[in-house]
Structures are given as C-alpha cells and as structure tokens.
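One structure is given below, encoded as structure tokens.
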Amino acid sequence: MNILIVDDSKAIFSMVSSMLESGGHKAFWAEDGAKARDFLKSGKQSIDVILLDWNMPNMNGPEFLEANINEKFTTAPIIMMTTENSPEFIKKALSLNAAEYIMKPFTSDILFNKLSLIEMMI
C-alpha cells in the first residue's frame, strides 16, 4: 500500500516509514496537514491510507480532518497517530471521520494490526 505519513517530526517519519517499508509498503511524507492536503489534491500519487498526527503547525490533525469533510480531497482511510490519549480526543477524531487511532509510541505489530483492520474496510 501507498501510505502518507503526516507528521511534523522527521524522526517519527523515519521510524514509521522503516516499519512500513519492512512490511512491503511505500511511505510518503507531508510535514503538516496543509502540505498533505496539497499533496493529495495534486493527484500525483495515489494514497491508500493516511497516518495523521494530531499536533502540527499550519494545519493540525483535526483541522485536516475537518478540511477533508468540506473539500473531499481524499477517500483514503485516516489513522490518527498521536500522544493525545484522552477519550475526548479519540471521540473528536472519530467524529471527524478518522477510521482508527494509534497511540505514540507504538510497535510495528500495533501498526500492522491497524493496517490489517483498514485493509478489511477498503
């Protein structure tokens, strides 16, 4: 699968992309929600799944989810990956159409289990 990682941390991108590539997936990176939206709108690359951080500059995770509801620039399932773990944050992400939620830090087993759930949905 082609997976877009939306996170302002290059270290997180490197770690998650290594996990994904070890599982045969291809990783792409956007440093914030605005860059991710532009990347997706460009249509240069089809994306199967989006891994979205909550806290980022320019456009954070919830703002990205809200923009996608209004602009419909992707139909790819979106997995929030964040350190935000309160029930209010989880409810908010799911109410904005996030398909799944992963707590940072996570192992490759957790990531691949979530991706397996998503694959059953698409």
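Data for the structure
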{"item": "Residue match in the range 82-90 (condition: closer than 20 Å to I12 by Cβ and either free of Cβ contacts under 8 Å to residues at least 12 places away in the same chain or of a type in the set (K, R) (or both))", "result": "yes"}
{"item": "Any chance D48 is among the charged types (D, E, K, R), under 23 Å from M120 (Cβ atoms) and either modelled with pLDDT of 95 or more or surrounded by fewer than 18 Cβ atoms within 10 Å (Cβ to Cβ) (or both)", "result": "yes"}
{"item": "Output for the range 76-111, where each listed residue is surrounded by 15 or more Cβ atoms within 10 Å (Cβ to Cβ), within 16 Å of N60 (Cβ to Cβ) and not small (G, A, S)", "result": "I78, I79, M80, M81, T82, E84, F89, I90, K92, L96, Y101, K104"}
{"item": "Condition met for D53 (acidic (D, E) and within 13 Å of the chain's Cα centre (by Cα))", "result": "yes"}
{"item": "Count - residues of the range 1-31 that are part of a loop (DSSP other than H, G, I, E, B) and under 15 Å from I79 (Cα atoms)", "result": "2"}
{"item": "Test: residue in the range 5-17 that is touching a Gly at 6+ places or on another chain (Cβ under 7 Å) and at pLDDT 95 or above", "result": "yes"}
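The values are calculated or read from the model by the stated rules, or taken from the named source; none is laboratory data. Here the structure is a predicted model, which is why all the values come from computation and not from measurement. Glycine also receives a Cβ, built like all others from the backbone with ideal geometry; neighbour counts cover every protein chain displayed.
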